[in-house]
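What follows is one structure encoded as structure tokens, with my remarks underneath.
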Amino acid sequence: MSMSVYAAIAWVFAATGVAMLPMRRQFPPGIVLLIAAPFLIIWLGLDFGWLVGVGASAAFLSMFRNPIRYYWRKWSGRADPTPDPDPEARQ
């Protein structure tokens, strides 16, 4: 097996461990995983082809869709909309 596969397996176990932490302790290791993921995806794509890279990118975007959406809004200058706590109360 390639070293990139071992690195991907280690990343998955690390992400699982971080997910089990309380929310207030997830941020620092989660940011490290968020930053490391594109490098790992590129490495997997170089070792196994572009189709594996696209699949890994789709999995990454699916897992981190909320943090990516938040930072995209923050960096693009859009206000972060707060969800309506009880939409039925307005009726």
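FYI, it's all coordinate maths here, none of it is from the lab. As the structure is a computational prediction, the values presented were derived from the model and not from experiment. For neighbour counting, all protein chains shown are included, and Cβ atoms are generated from backbone atoms with ideal geometry for every residue, glycine included.
Quick look at the values:
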{"item": "Angstrom value of the Kirkwood radius, inverse mean 1/r, which spans all Cα pairs in the chain", "result": "15.3 Å"}
{"item": "For the chain, with +1 on Lys and Arg beta carbons and -1 on Asp and Glu, the positive-most of 46, 34, 60 along the dipole", "result": "34"}
{"item": "Segment residue 65-residue 11, length gained on full extension (0.36 nm per residue, minus Cα span)", "result": "17.7 nm"}
{"item": "Sum of -39500 (n - 2.57) over DSSP H runs of 4+, divided by residues of the chain (222 nm, nearest 500)", "result": "-25500 deg cm²/dmol"}
{"item": "Amide H contacts of residue 64 (H built 1.01 Å from N, under 5 Å, at least 5 apart or other chain)", "result": "none"}
{"item": "Nearest-0.05 FRET efficiency for residue 18 and residue 50, computed from C-beta distance (R0 35 Å)", "result": "0.80"}
